[in-house]
Amino acid sequence: MIKLDLPAIYSALERRYGDLNWWPAKTPYEVIVGAVLTQNTNWSNVELALANFGGPPEPAFIETASIERLIELIRPAGFFNQKARYLKNITAWFKAYDYDVHKVQQRDAKALRAEILAVHGIGRETADSIMLYAFGFPEFVVDAYTKRLLERMGLEPMDYERVKALFQEQMPKDERVYNNFHAAIVINAKRHCRKKPDCRDCPLGGICGKL
Ligand code: SF4
């Protein structure tokens, strides 16, 4: 199996894109809501849905709002019937911590991840996005762009946990690095490593062997 040098890939991306300072949200709870809404849709639709809240969504509002009202608000994000339920579910989970970020951060990461994954509607990518970007745990987020990048670099298709382990074995367990690495992979996938790759001037061209 090809051995990828992930630190070299990160350095090349960081040199190009710098500190991207993700996630684009004003509060940890807004990250949670965005992580659910972005399932199976693009971010511009999530922004339209978030704008309907007239400011960062409040957990107490989502806890008490009717499903019909929630559906109305999040409609631009698509799959609104199920996403409204998922928002209720993850909000009920957060309520057990009194909506207190610091209480969540006191938990053991492994136990917390298992707990979040047990919430109906929350898969691995969403759970890790919440762990990393809402609560600052060093949990690497894997998405379709990450898998595409690795496959373009010659790796065989791998499942979520294997890709995550690959990153976590090679990279320091550092929340800031995981935050920025995932963000840079997404940005680079949008600018260069698209469905039809545009390798010209890609910061990874030298590593990929495409330049
Ligand atoms: S060089 Fe091409 S294939 Fe490699 S990461 Fe960049 S865009 Fe993707």
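Rule-based calculations on the coordinates, nothing more; no lab input. The shown structure was predicted, so the numbers you read here are calculated from the model rather than taken from an experiment. Cβ placement follows ideal geometry from the backbone for every residue including glycine, while neighbour counts extend to all protein chains displayed.
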Exercise for review: Determine, at each q value in 0.18, 0.23 (inverse angstroms), the log₁₀ of I(q)/I(0) that the Debye formula gives when each Cα of region 28-134 is one equal point scatterer.
Suggested key: -0.81, -1.34
Point to revise | Taking the chain and dividing mean pair separation by its residue count, relative contact order in percent (alpha carbons under 8 Å, at least six apart) | key: 26
Revision key, fill the gap. Applying the gyration tensor rule to the Cα atoms of region 147-194 (axes a ≥ b ≥ c; rounded if a/c under 1.5, else prolate if a/b exceeds b/c, else oblate), the class is oblate
Exercise for review: Go ahead and estimate [θ] at 222 nm for the chain from helices alone: -39,500 (n - 2.57) per DSSP H run with n ≥ 4, summed, over the residue count, rounded to 500.
Suggested key: -16500 deg cm²/dmol
**Study point:** Angle in degrees between helix 175-191 and the longest Cα principal axis of the chain, rounded to the nearest 10
**Key:** 70
Check your understanding: What order, most packed first, do the peptides 174-183, 122-131 have when packing is the mean number of other Cβ atoms within 10 Å of each residue?
Key -> 122-131, 174-183
Exercise for review: Sort largest first and round to whole Å: the equivalent ellipsoid semi-axes of the chain, each the square root of five times a Cα gyration tensor eigenvalue.
Suggested key: 32, 19, 15
Exercise for review: Calculate I(q)/I(0) for region 119-211 by the Debye formula, one identical point scatterer on each C-alpha and no solvent, and give its log10 at q = 0.15, 0.18, 0.26 Å⁻¹ to two decimals.
Suggested key: -0.60, -0.84, -1.40
Practice item. Could you calculate the FRET efficiency of ASN42 with ARG16 from 1/(1 + (r/R0)^6), where r is the beta carbon distance between them and R0 is 22 Å, rounded to 0.05? Key: 0.45
Check your understanding: How many lysine pairs are close in the chain, with Cα atoms under 16 Å apart and the two 8 or more places apart or on different chains?
Key -> 12
Practice item. Quick one: check the C-alpha center-to-center distance for region 22-83 versus region 147-203, whole angstrom. Key: 26
**Study point:** Distance cut-off 19 Å, percentage of C-alpha pairs in region 110-161 lying past it
**Key:** 33
Review point. Where does the charge balance sit around GLU115 when Lys and Arg score +1, Asp and Glu -1, over other residues with C-beta under 11 Å from its C-beta?
Key: +2
Check your understanding: Taking only Cα atoms, what is the 0 to 90° angle, nearest 10, from helix 28-37's long axis to the longest principal axis of the chain?
Key -> 80
